[in-house]
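J.: Quick one: structure below, then a few questions.
Here, each number is a calculation from the coordinates, and none is a lab measurement. These figures come from a predicted structure and were not determined experimentally. A quick note on method: Cβ atoms are made from the backbone with ideal geometry, for glycine too, and the neighbour counts reach across all protein chains shown.
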Amino acid sequence: MAPEFGSTCGIFPIDEETIRYLELTGRSAEQIALVEAYARAQGLWRTNGMREADYTDVLELDLASVEPSLAGPKRPQDRVPLRISKETYRRHHAKMSDERAQKNPGATGEALATAGGKSFEVADGAC
């Protein structure tokens with residue numbers, strides 16, 4: 001499973017670049033040889049000039065359309081574009097403060113914290 005990108009599996013052929021990565025990351029010569037031998041025996045090895053794989057679907061992605069975003073931690077599926085994250089945070093923070101005030105009118109959203117032997121007040125949303 002590869003839920004990070006919404007797939008049930010990802011297939012990436014093994015090639016010389018894979019071997020180079022294994023070398024650069026300190027794998028033993030024996031392990032590298034085993035990976036290459038296994039990949040070749042299983043038909044997973046790719047060399048330049050080979051016929052391209054026949055996929056059921058091919059997707060194209062314009063990298064210029066990718067927008068930085070934040071997600072989670074409470075609901076990681078709720079992606080927030082970075083350009084509106086400040087506005088979104090303020091809106092949700094205000095809603096949370098209102099809900100807290102309704103549930104417990106005495107709650108202020110502030111606390112006394114201690115760090116390095118010093119005490120200071122910390123309010124909701126402090127960074």
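J.: What are the ³J(HN,Hα) couplings of region 13-30, residue after residue, when phi is run through the Karplus curve with 6.51, -1.76, 1.60 and θ = phi - 60°? Round to Hz, x for glycine and proline.
T.: x, 8, 8, 4, 5, 4, 4, 4, 4, 4, 5, 5, 9, x, 6, 6, 4, 5
J.: Mean residue ellipticity at 222 nm from the helices of the chain, using -39,500 (n - 2.57) per DSSP H segment of n ≥ 4 over the full residue count, to the nearest 500 deg cm²/dmol? Display every interim value, and only then the final one.
T.: Working: 3 runs with 41 residues, N = 127.
The per-residue figure over the chain is -10500 deg cm²/dmol.
J.: Roughly speaking, what % of Cα-Cα pairs in region 6-91 are separated by over 17 Å, rounded to a whole number? Mind showing how you got there, number by number?
T.: Details: 2519 of 3655 pairs.
Counting pairs separated by more than 17 Å, the tail of P(r) holds 69 percent.
J.: With the contact rule set at Cα under 8 Å and sequence spacing of 6 or more, what percent relative contact order holds for the chain? Mind dumping the intermediate values first?
T.: Numbers: 69 pairs, mean separation 13.7, N = 127.
So the answer I get is 11 percent.
J.: Over region 48-127, what number does the Rg to Rh ratio reach, with both radii from the alpha-carbon atoms and Rh per Kirkwood? Provide the component values of the computation, followed by the final result.
T.: Values: Rg = 22.5 Å, Rh = 17.5 Å.
When Rh is taken as the Kirkwood radius, the ratio is 1.29.
J.: Another question, then. Can you list the lysines whose alpha carbon sits under 16 Å from that of K103, skipping same-chain ones fewer than 8 residues off?
T.: K103 reaches K95.
J.: Show me the GluC sites (Glu not before Pro) within region 4-107 that DSSP assigns to loop and that have at most 12 other Cβ atoms within 10 Å of their Cβ. If you can, show how the numbers build up before the last one.
T.: Details: sites: E4, E16, E17, E23, E30, E36, E52, E60, E87, E99; in loops: E52, E60.
Here the GluC sites (Glu not before Pro) that fit, given the DSSP loop and packing criteria, are E52, E60.
J.: Under a cut-off of 30 Å between alpha-carbon atoms, report the lysines in cross-link reach of K118, not counting same-chain residues fewer than 8 places apart.
T.: Hits, sequence-local ones excluded: K86.
J.: Where the centroid of each part is defined by its Cα atoms, how far is region 9-33 from region 82-127 in Å?
T.: 48 Å
J.: In Å, the Kirkwood hydrodynamic radius of region 82-127 over pairs of distinct alpha carbons? Let's see the in-between values first.
T.: Working: mean 1/r = 0.0815 Å⁻¹.
Final number for the Kirkwood radius of region 82-127 is 12.3 Å.
J.: While we're on this one: How large is ³J(HN,Hα) for each residue in region 85-101, as worked out from phi by the Karplus curve 6.51 cos²θ - 1.76 cosθ + 1.60 (θ = phi - 60°), to whole Hz, x for Gly and Pro?
T.: The phi angles translate into 5, 5, 4, 5, 4, 4, 5, 5, 5, 4, 5, 4, 5, 5, 4, 5, 4 Hz.
J.: Could you compute the longest span of the chain free of trypsin sites (Lys or Arg not before Pro) located in DSSP loops and having at most 13 other Cβ atoms within 10 Å, not counting the site residues?
T.: Details: sites that count: R51, K74, R79.
Longest run free of exposed loop sites: 1-50.
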